[in-house]
Structure formats: C-alpha cells, structure tokens
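Okay, so here's the structure we're looking at.
Derivation of every value follows stated rules applied to the coordinates shown; laboratory data play no part. Nothing here was measured: the structure is a model prediction, and the numbers come from that model. Counting neighbours? That spans all protein chains shown, and the Cβs are built from the backbone with ideal geometry, glycine included.
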Amino acid sequence: MQLYQKIKDDILNNRLPVGRPLRQVELSERYQVSRIPVRDALQKLKAEGWLVSHGKAGHIIPDLNWQEAEDLCLMRADLEPRLLSYAFDSITAEDVKQARAALALLDKSGLSLLEKGELNWAFHKVLYFPANRPTLYKVVRSLNQQASRYLGFQYGPMNYQDHSQQEHFELLNLIESGEKSTALLLLSQHIKDAGQLLVAHLKSTN
C-alpha cells in the first residue's frame, strides 16, 4: 500500500482524527518515511478534498458535514448519468465482465474501507470510461474521490452495501439488454437514494 493510501485508510478509520493538524515531521515518524513522500501524499490528498490548509504549511482533516455530502450527491446525480449516456453504446462485453469482476471482489469479506471505495469506483469507472469525454470523466472521478470520505457511513452504520450491490447488478443487466433510458434512471436514483440516506444520517448525528 502506498503512503497516500495508508494515510487515506487511517483517515477513513479515524486513526487520524478529524480536526487534528497533520504535520509532516509527525507523519514521517509515524510511517517511517522521509518528509518528501509525506509532502507529496498530503498535496495529493488536499487536491482530492480530503485535507485543507491549516497554518503555515500544515494540513487538517475537515469535518464531515451534511451540506458537503448533499452537494456531492447532487453533482454526481446530474453528471454520472450524463457520462453513462455518452458511454452506453460503446460499452463492450469485456467492460461488463470487468465491472462484474469488481462487484465480485466487493462482495468479499475482510475488505478495508479503502479497498471497498476503490472497488466501488472501479465498477463505475469501467462503465464511464468508454464515453471518451475526458473532461467530464475527470470531474466525475474527482467527485467520487471526495465522496469516498463518507464511505465509512455507507459501509458501517448505514448498512447500505447490500442494497447498493443489488442496484449495481441491476444496472449491468440493463446495460446488457440495451435498456438505456431505464439504466440512466436507475443510476440517477441509485446516487440520490444513497445521498439522501447519508445526509439524513449526518444530520441525526450532529
């Protein structure tokens, strides 16, 4: 696991708590690496929305809040069906096979939150990439990277993984049968439903 992934995994599992300043020297000692890879990892996490600037050359893990979660959901629900629409007619049998393989791995026990997040994106990515719309794809990827901060709720107290997986398989079946409009509606509702549950959960815990 790369340093960037180790820090991400520790954030997801609250081993690096929200609101605590992250200093390069402390992280260098924690992960037994020099400060250069720590600096590079922090910059990458900041670019993905996992960290924000704090003081001079410092970083902090921002609070998880319902407004950010709702905004991410709204943007994803608009852009991801659009991207799938562009990709739909170019999705191949091999793409579907790869998507099913990602879902099979996601069903395995013992996965970390980080691994679950990466496999969830691997599933969606293989369906979006054939759109050949690199700018839109880049934005959607960025939104998913930011949204993955909230995976601990979806796969933890919300207990939403089984329902999410069921809809993933339904989406693949619709793609294989060429039911484009129904597939786009399902994807949009899939994102909205998960987002609404997440927002409600975050509001209830504040």
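Worth a mention:
- Counting only lysines at least 8 places from residue 8 when in the same chain, those with an alpha carbon closer than 30 Å to its own are 44, 46, 56, 97, 108, 116, 125, 138, 192, 203.
- Of the DSSP H helices in the chain, those whose Cα atoms cover at least 24 Å axially and whose Kyte score averages -0.5 or more: 66-87, 180-205
- Residue 182 paired with residue 39, simple spin-label distance in nm, labels 7 Å along Cα-to-beta-carbon: 5.6
- Candidates 125, 97, 116, ranked by Gaussian network fluctuation over the chain, Cα under 10 Å, top entry: 97
- Rounded to the nearest 20, the Cβ-based charge dipole of the range 1-159 about its Cα centre (Lys and Arg +1, Asp and Glu -1) stands at 500 debye.
- Additional length obtainable on full extension of the chain from residue 204 to residue 90, 0.36 nm per residue less Cα span: 36.8 nm
- In terms of overall dimensions, the range 66-205 has a Cα radius of gyration and Dmax of 14.2, 43 angstrom.
- Tensor-based shape of the range 3-60 (alpha-carbon gyration tensor, a/c under 1.5 rounded, otherwise prolate or oblate): rounded
- Comparing mean-square fluctuations of 11, 191, 36 from a GNM of the chain with C-alpha springs under 10 Å, the top value falls on 36.
- Volume per residue that the Cα convex hull of the range 131-184 spans, once the total is divided by residue count, Å³: 85
- Net length available on complete extension from residue 197 to residue 107 is 30.3 nm, with 0.36 nm assigned per residue and the Cα-Cα distance removed.
- Computed over the chain: relative contact order in percent, which uses C-alpha pairs under 8 Å that are six or more apart: 26
- Pair residue 31, residue 115: separation of 7 Å Cα→Cβ label points (nm): 2.0
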